[in-house]
Amino acid sequence: MKILKSFSLIFLFLVIACNKKTNLTSEQITVAEDFETSISIPIGENSWIGGESTENKNKAERSLITAEGIKNWEDSDQKIETHIRFEGEGKAHIAIKAKATSPTNLTVAVGSQLAEVEINNKEFELIPVGTFTISDEAYQTIQFSLNKENESAIDISELEIGGPVAEKDINFVADNFHFGRRGPSVHLRYPIPDSLEKPLYFYNEVVVPEGEDVIGSYYMANGFTHGYFGIQANSENERRILFSVWSPYDTQDPKEIPEDQQIKLLKKGPDVQVGEFGNEGSGGQSFRKFMWKTDTTYKFLLKGEPYDEDHTDYTAYFYNPEEEEWELIASFRRPKASNYLGSLYSFLENFVPSTGNITREANYKNQWLYDKNEGWIPLTNAEFTADATANQKHRLDYAGGEVSEGYYLKNCGFFDDYTEDNTKFSRKITKEEPSVNLEELP
């Protein structure tokens, strides 16, 4: 669609802060004569309320930003930020599909470039915003602001882009509202040496650096063929140690699992809550509320052993540095399998879509495997992978790499440098085997 309409802007913004130290005079943007758009971007999947994440902001965002777009936006204190990654430089023609209950003005900013548009239509129309200059092959934030005197309710369903930048790739989330806003999940996969026949215990350590404890983060330490085990940041006042085992029955509803395919609890530690989970496969879940701290090393130990020809027992232990002892989380029995540990991995994911615009990171260190025949064996290699949101190039804000004694994982927040899928890493052995008396575990 080609639009040859030009706008006369009626004001000039004097200053916009581009960082804490430097102020740049804003540049007033108009609509170019050759204005044309060709790419339609759903605004709901790619937008957040700007500013610091809080419980109240996240609650407001759930009703304001939907799969259909921005709905009934009235509060001029809220700034809507839409994040798109451009793979080329040049002119970008930007338009929005919007409507308003009464005439109102909307300010659109890309860095120090500002444009103001009037919305005076009560049904959705495509409204040209301006022709902006994209100077970096990187993520750009398009910020929308309401006039302080606004008395209208505004809906925006789409963002449209054209011009020279549209001739190269533009990365954005399309038709994937929940997982796209959650952001990409990233993994470290630890290959087990072929010579090991009975891998019984998997040991790992996790450190969450200060400031990286974002609400909605799951720092999963000990993943295996049939489940996972790690720590979560659930809210401002709650954190958890979580251990789950999948049922062999394929369903998203745990109530559908037949009796002979249910995960059975064998034992659990003090203050551990046990139940079921669904919506990502189904199975047995256990968690304990524990206010873990940043910049602290937490140790995880997982045991997997055949019980009989048709069952495997999985047991999770957590080392509490405050008590200086290993503590039992839970032990589950899984049917339809008889095996030792396999497919070992770690991951970092965000399970709260409203914090998908905030970067978080963790370090995974000092991985070891205890084989029933060979004893402790260091795991010194890892392979970095990412999920479908990353592989489909809906979002490219994910990374991994090497750190002292191990690796790091990083995701969300729209940073620019990402790590290629299937990148391989290795670590040096800087510590002795884990100091764990396996016979005295609770």
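The values are calculated or read from the model by the stated rules, or taken from the named source; none is laboratory data. Note that the structure is predicted; figures quoted are calculated from it, not measured. Every residue, glycine among them, receives a Cβ derived from its backbone with ideal geometry; neighbour counts consider all protein chains shown.
In table form, for the structure just shown:
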| read-out | value |
| --- | --- |
| Ile119 being under 18 Å from Ser157 (Cβ atoms), of a type in the set (Val, Ile, Thr) and more than 29 Å from the chain's Cα centre (by Cα) | yes |
| Sole exception among (1) over 21 Å from the mean Cα position of the chain (by Cα); (2) closer than 26 Å to Arg427 by Cα; (3) surrounded by 23 or more Cβ atoms within 10 Å (Cβ to Cβ) for Ile156, by number | (2) |
| Options Asn56, Asn19; residue that is part of a helix (DSSP H, G or I), at pLDDT below 95 and out of contact with any Ser or Thr (no Cβ under 9 Å at 6 or more places or on another chain) | Asn56 |
| Count of residues meeting criterion [touching a residue at least 60 places away in the same chain (Cβ under 8 Å) and aliphatic (A, V, I, L, M)] in region 250-279 | 3 |
| Arg288 being of a type outside the set (Phe, Trp, Tyr), out of contact with any Cys (no Cβ under 7 Å at 6 or more places or on another chain), modelled with pLDDT of 95 or more and over 29 Å from Val214 (Cα atoms) | no |
| Region 33-55 residues that are in the same structural domain as Phe124 (by TED's automatic domain parsing) and at positive phi, paired with ones that are part of a helix (DSSP H, G or I) and surrounded by fewer than 20 Cβ atoms within 10 Å (Cβ to Cβ) (beta carbon under 7 Å, 6 or more apart) | Gly51/Lys57 |
| Residue in region 423-430 that is at negative phi, aliphatic (A, V, I, L, M) and at pLDDT 95 or above present | no |
| Residue within region 433-442 that is farther than 30 Å from Pro306 by Cβ and either at pLDDT 95 or above or outside any strand (DSSP E or B) (or both) present | no |
| Elements of type strands (runs of 3 or more DSSP E) in region 346-414, at least 1 residues being under 17 Å from Glu212 (Cβ atoms) and touching a residue at least 12 places away in the same chain (Cβ under 8 Å) | 360-371, 398-403, 406-411 |
| Members of region 81-90 that are in contact with a helix residue (DSSP H, G or I) (Cβ under 8 Å, 6 or more places away or on another chain) and surrounded by 17 or more Cβ atoms within 10 Å (Cβ to Cβ) | Phe86 |
| Residues that are surrounded by fewer than 19 Cβ atoms within 10 Å (Cβ to Cβ) and part of a strand (DSSP E or B), drawn from region 129-145 | Thr133, Tyr139, Thr141, Gln143 |
| Hits in region 417-435 (condition: more than 14 Å from Asn366 (Cα to Cα) and surrounded by 12 or more Cβ atoms within 10 Å (Cβ to Cβ)) | Tyr418, Thr419, Asp421, Thr423 |
| Looking only at region 162-178, and only at residues there that are under 15 Å from Ile65 (Cβ atoms) and modelled with pLDDT of 95 or more, the one that is nearest to the chain's Cα centre (by Cα) | His178 |
| Whichever residue in region 323-345 is among the aliphatic types (A, V, I, L, M) and surrounded by fewer than 22 Cβ atoms within 10 Å (Cβ to Cβ) and, among such residues, is farthest from Ile215 (Cα to Cα) | Ala337 |
| Matching entry among Ser282, Ser235, Ser247, Ser217 (being in contact (Cβ under 8 Å) with a residue 60 or more places away in the chain, polar (S, T, N, Q) and either within 12 Å of Arg334 (Cα to Cα) or in contact with a Pro (Cβ under 8 Å, 6 or more places away or on another chain) (or both)) | Ser247 |
| Residue within region 406-413 that is farther than 30 Å from Asn176 by Cβ, of a type in the set (Lys, Arg) and crowded, with 19+ Cβ neighbours inside 10 Å present | no |
| Members of region 64-74 that are surrounded by 18 or more Cβ atoms within 10 Å (Cβ to Cβ) and within 30 Å of Lys168 (Cα to Cα) | Ile65, Gly69, Ile70 |
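Each row is one residue, and each column tells you yes or no for (1) surrounded by 15 or more Cβ atoms within 10 Å (Cβ to Cβ); (2) of a type in the set (Ser, Thr, Tyr); (3) within 24 Å of the chain's Cα centre (by Cα).
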| residue | (1), (2), (3) |
| --- | --- |
| Glu33 | no, no, no |
| Glu36 | yes, no, no |
| Thr54 | no, yes, yes |
| Arg62 | no, no, yes |
| Ser76 | no, yes, no |
| Ile94 | yes, no, no |
| Lys99 | yes, no, no |
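To keep it simple, each residue is scored yes or no on (1) assigned by TED's automatic domain parsing to the domain that holds Asp421; (2) β-branched (Val, Ile, Thr); (3) not in a strand (DSSP E or B).
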{"residue": "Ile156", "(1), (2), (3)": "no, yes, no"}
{"residue": "Leu159", "(1), (2), (3)": "no, no, no"}
{"residue": "Ala166", "(1), (2), (3)": "no, no, yes"}
{"residue": "Leu188", "(1), (2), (3)": "yes, no, no"}
{"residue": "Ser195", "(1), (2), (3)": "yes, no, yes"}
{"residue": "Glu205", "(1), (2), (3)": "yes, no, no"}
{"residue": "Gly211", "(1), (2), (3)": "yes, no, yes"}
{"residue": "Tyr219", "(1), (2), (3)": "yes, no, no"}
{"residue": "Phe229", "(1), (2), (3)": "yes, no, no"}
